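> The structure that follows is given in the form of structure tokens.
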Amino acid sequence: MESAIFHLAIPVKNLEQARAFYVDGLGCQVGRSSQQAMILSFFGHQLVTHLTQEIETQKGIYPRHFGLILPTIATWQGLLQTCQDKQLNFYQKEKQRFRGLPTEHWTFFLQDPSQNLLEFKYYIYPEAIFGIQELAVVGDPMG
């Protein structure tokens, strides 16, 4: 199969605030836009922001968030530094999760102006991205 581009549509309360966060902060490119929506190149994937006032705020990182898995620790660290330099809103600061396990990874979470949560991570063991099915654990326990 040819390489596919992922598409995700998210709600935003204010398109100008979304533009500042995603374009000025994260460096996304704007495609088409209207008074109700904006298409962004989110690191080569299509992210569409749709204007709405009905946004549910969740407590914690579950069940909904999106983001990227970076290919190298240097790329992850570079993005982290950019986000710090741009003073983006960190929902969770950088940390290493599941240390010593096959799912060990570095992560940080951002929160956009409409309370959408974005996770950026780098896996120590790339096979953990889709593999290691025998380790039947996904994320932290919810409670």
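> Scan the stretch 16-38 for residues that are in contact (Cβ under 8 Å) with a residue 24 or more places away in the chain and surrounded by fewer than 18 Cβ atoms within 10 Å (Cβ to Cβ) and report the count.
So the answer is 4.
> Sticking with this one: Go through 12, 48 for me and flag whichever is more than 30 Å from residue 124 (Cβ to Cβ), surrounded by 12 or more Cβ atoms within 10 Å (Cβ to Cβ), within 14 Å of the chain's Cα centre (by Cα) and not assigned by TED's automatic domain parsing to the domain that holds residue 121.
None of the other options fit; the residue is 48.
> Another question about this same structure. Restricting to the stretch 39-65, and then to whatever is in contact (Cβ under 8 Å) with a residue 24 or more places away in the chain and part of a strand (DSSP E or B), can you tell me which residue is nearest to residue 88 (Cα to Cα)?
42
> What's the total number of residues in the stretch 76-102 that are in a loop (DSSP other than H, G, I, E, B) and either at pLDDT 95 or above or surrounded by 18 or more Cβ atoms within 10 Å (Cβ to Cβ) (or both)? Working first, answer last.
Here is the first cut: in the stretch 76-102, the ones in a loop (DSSP other than H, G, I, E, B) are 86-89, 98-102.
Remaining after also requiring either at pLDDT 95 or above or surrounded by 18 or more Cβ atoms within 10 Å (Cβ to Cβ) (or both): 86-89.
Qualifying residue count for the region: 4.
The values are calculated or read from the model by the stated rules, or taken from the named source; none is laboratory data. Computed from a prediction, not measured in an experiment: that's the story for all the values here. Ideal geometry is used to build each Cβ from the backbone, glycine not excepted, and the neighbour counts take in all protein chains shown.
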